[in-house]
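Please find one structure pasted underneath; my questions will follow.
The values are calculated or read from the model by the stated rules, or taken from the named source; none is laboratory data. Predicted model, so just to flag it, every value in this text is computed and none were measured. Every residue, glycine as well, gets a Cβ built from its backbone with ideal geometry; the counts of neighbours run over all protein chains shown. Protein only, heavy atoms only, side chains kept; ligands, DNA and RNA dropped before computing areas. Shrake-Rupley method; radii C 1.70, N 1.55, O 1.52, S 1.80 Å.
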Amino acid sequence: MASRTVSKDIITLRGSAAIVSEFFGYAANSILYNRGIYPEESFSKVKKYGLTLLLTQDDGVKSFISGLTSQLSEWLEAGKLQRVVLVIMSKATSEVLERWNFNIETDAEVVEKGVIKEKSDKEIMREIQAIMRQIASCITYLPCLDEACVFDVLAYTDKDTTVPMAWVESDAKLINNPQMVKLHSFDTKIHKVDTIVSYKNDEWEDEE
């Protein structure tokens with residue numbers, strides 16, 4: 001009698017934290033590239049999520065993003081991370097021009113009781129792929145950044161979270177009367193990530 005081997009796509013808390021934190025690393029690189037924060041030649045192509053993505057080769061930025069994803073993974077695994085925001089600011093004036101919001105919902109039962117979930121890796125990859133495609137096409141719906149810019153990353157955590165010395169208290173770096181574009185979301189069944197980009201509305205200011 002013929003036999004068949006079957007398997008389940010099991011998602012653990014640690015596995016989900018790794019998926020989400022890795023996503024943030026690639027998303028940050030893609031935003032920095034597509035918004036022209038660093039020179040095009042300082043990025044190299046890699047294959048990920050079935051796409052060709054760009055990763056920075058700048059040692060300082062690589063180190064920053066590596067440290068960021070490592071810390072985010074730790075907070076995700078503890079169920080302490082609520083939101084991550086990549087902020088793009090004018091280098092000359094520090095005015096906030098864009099905020100890339102990644103809102104995170106965590107299944108509390110998984111954190112508290114160690115419950116495992118099931119979801120296909122391919123399905124998660126397709127959902128992340130849709131977000132990465134939107135980031136890559138952001139030049140079609142976001143205003144041109146025609147000045148030198150810098151970036152920062154904000155992490156919103158539970159109040160009882162232990163925060164390393166490298167992180168400092170910050171204001172929210174908000175934009176007055178921003179325009180907003182909602183991107184796709186992805187869900188590991190343990191962590192759900194919703195993505196929204198908000199940006200400075202120059203047309204509103206002109207009317208004023």
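Pick out the long, greasy-scoring helices in the chain: whole DSSP H runs spanning 15 Å or more along their own axis by Cα, mean Kyte-Doolittle at least 0.5.
Once both thresholds are applied, what remains is 13-34.
If a paramagnetic tag sat 7 Å from the Cα of LEU51 along the Cα-Cβ line, which residues of region 66-105 would have the backbone N under 17 Å from that point?
So the set is 86, 100-103.
Express the relative contact order of region 76-174 as a whole percentage, based on alpha carbon pairs under 8 Å and six or more residues apart in sequence.
Relative contact order of region 76-174: 44 percent.
Sort LYS182, LYS189, LYS45 by heavy-atom solvent-accessible area, probe 1.4 angstrom, most to least.
Greatest to least solvent exposure: LYS45, LYS182, LYS189.
Relative contact order for the chain: what percent, with Cα pairs under 8 Å and sequence separation of 6 or more?
28
Can you give the accessible area of ASP160, probe radius 1.4 Å, in Å² rounded to 10?
That residue has around 110 Å² of solvent-accessible surface.
Here's another thing I want to ask about it. May I ask you to list the aspartates and glutamates whose Cα is less than 18 Å away from that of LYS182, ignoring any residue fewer than eight positions away on the same chain?
List returned: GLU98, GLU105, GLU127, ASP194.
So if I place +1 on the C-beta of Lys and Arg and -1 on the C-beta of Asp and Glu, and nothing else carries charge, what would the dipole magnitude of region 45-103 be about its Cα centre? I want it in debye, nearest 20.
Around 220 debye, computed over region 45-103.
At a 1.4 Å probe radius, which order do LYS122, LYS62, LYS159 fall into by accessible area, largest first?
Result of the area sort, largest leading: LYS159, LYS122, LYS62.
What pairs in LYS80/LYS200; LYS47/LYS117; LYS48/LYS119; LYS62/LYS192; LYS45/LYS189; LYS62/LYS117 have C-alpha atoms more than 22 Å from each other?
LYS80/LYS200; LYS47/LYS117; LYS62/LYS192; LYS45/LYS189; LYS62/LYS117
Moving on to the next point. Can you list the residues of region 13-43 with backbone N under 20 Å from a point 7 Å past the Cα of LEU154, pointing along Cα to Cβ?
24-25, 27-29, 31-32
Still on this structure, please answer the following. Using a 1.4 Å probe on the protein heavy atoms only, what accessible surface does PHE186 show? Give it in Å² to the nearest 10.
PHE186 exposes around 0 Å² with every protein chain in place.
In a Gaussian network model over the chain where Cα atoms closer than 10 Å are linked, find which of GLU98, GLU118, GLU41 has the largest mean-square fluctuation.
Looking only at GLU98, GLU118, GLU41, the biggest GNM fluctuation is shown by GLU41.
Any idea of THR140's accessible area? Nearest 10 Å², probe 1.4 Å.
About 110 Å², rounded to the nearest 10.
Probe radius 1.4 Å, ligands and nucleic acids left out: which of ARG14, ARG126, ARG83 has the largest accessible area, and how do the rest follow?
Largest accessible area first, the residues go ARG14, ARG126, ARG83.
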